[in-house]
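S.K.: I have a structure I would like to understand better, so I am pasting it below and will then ask my questions one at a time.
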Amino acid sequence: MITEKLGAGGVGAGERRRRLLSLLRALVDAGILGASVMDDVKDPERFDARFKVQKYVYLARFFGYDTGHTFNLYMRGPYSPDLADDYYDATTADLDRAEPARLDPRYVELLRAHRNDEEWLEIASTVAMFHEDEPGLRGDELIGAVRRLKPWASEDYVSAVAQELDAVLN
């Protein structure tokens, strides 16, 4: 008997990949990602494409669209090796066939506003991960925790990003 490796929420690899492609299709349709995203993530010179996909997928979970990938906190924020495997294996034809996900409009607008700001994406996804892993961590404690990992980010900047996320979600 063959069993699928399950990720967050008990989602199998096939379903994770389907959800990923649906999310990426919706982001392409919204103009947040380019139609060449499946080629871009495979290009060794395009770290930015892989970085953005990792952060976009993680933040989607924060807005109610969970692909089922398991994330860990790395130097540049949440990262999922299984997600990387899935986007390396997917093709443009797979993306073209995918049914676009129905996404929270607040998520789409937030990405539109910050899609070219890698610092914001890194801080926002890290704040979101702290919200998920340590829900009671707020205010100065949250800012301090993020800044211990991201000492280059000012207290004011981390605070502004956290407040923006809170405002959008509440």
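The values are calculated or read from the model by the stated rules, or taken from the named source; none is laboratory data. Here the structure is a predicted model, which means the values were calculated and not measured. So basically every Cβ, Gly included, is an ideal-geometry build from the backbone, and we count neighbours across all protein chains shown. These area figures cover heavy atoms from the full protein model, side chains too; ligands, DNA and RNA do not enter into them. Shrake-Rupley method; radii C 1.70, N 1.55, O 1.52, S 1.80 Å.
S.K.: Exactly one condition in (1) in a loop (DSSP other than H, G, I, E, B); (2) open to solvent by 60 Å² or more (accessible area, probe 1.4 Å); (3) at pLDDT 95 or above is false for D156; which is it?
M.R.: All conditions are met except number (1).
S.K.: Looking at (1) in contact (Cβ under 8 Å) with a residue 40 or more places away in the chain; (2) assigned to a helix (DSSP H, G or I); (3) among the basic types (K, R), which is the only condition R102 fails?
M.R.: (2)
S.K.: Mind telling me which of the residues R115, R50, R17 ends up being open to solvent by 50 Å² or more (accessible area, probe 1.4 Å) and out of contact with any helix residue (DSSP H, G or I) (no Cβ under 6 Å at 6 or more places or on another chain)? Even if it seems obvious, please write down each step before you answer.
M.R.: Numbers: R50 fails: open to solvent by 50 Å² or more (accessible area, probe 1.4 Å); R17 fails: out of contact with any helix residue (DSSP H, G or I) (no Cβ under 6 Å at 6 or more places or on another chain).
Only one candidate qualifies: R115.
S.K.: Being closer than 22 Å to V146 by Cβ, assigned to a helix (DSSP H, G or I) and out of contact with any strand residue (DSSP E or B) (no Cβ under 6 Å at 6 or more places or on another chain) is the filter here; which residues of the range 51-82 pass it?
M.R.: Matches in the range 51-82: F51, K52, V53, K55, Y56, V57, L59, A60, R61, F62.
S.K.: Take the conditions closer than 30 Å to K150 by Cβ, among the hydrophobic types (A, V, I, L, M, F, W, C) and either modelled with pLDDT of 95 or more or part of a loop (DSSP other than H, G, I, E, B) (or both) and apply them to A26. Does it pass?
M.R.: Details: closer than 30 Å to K150 by Cβ: yes; among the hydrophobic types (A, V, I, L, M, F, W, C): yes; either modelled with pLDDT of 95 or more or part of a loop (DSSP other than H, G, I, E, B) (or both): yes.
When the stated conditions are applied, A26 passes them.
S.K.: Within the range 85-93, is even one residue in a helix (DSSP H, G or I), more than 17 Å from L21 (Cβ to Cβ) and without any contact (Cβ under 8 Å) to a residue 40 or more places away in the chain?
M.R.: First, pick out the residues of the range 85-93 that are in a helix (DSSP H, G or I): 85-89, 92-93.
Next, from what is left, pick out any that are more than 17 Å from L21 (Cβ to Cβ): none.
Within the range 85-93, none of the residues are in a helix (DSSP H, G or I), more than 17 Å from L21 (Cβ to Cβ) and without any contact (Cβ under 8 Å) to a residue 40 or more places away in the chain.
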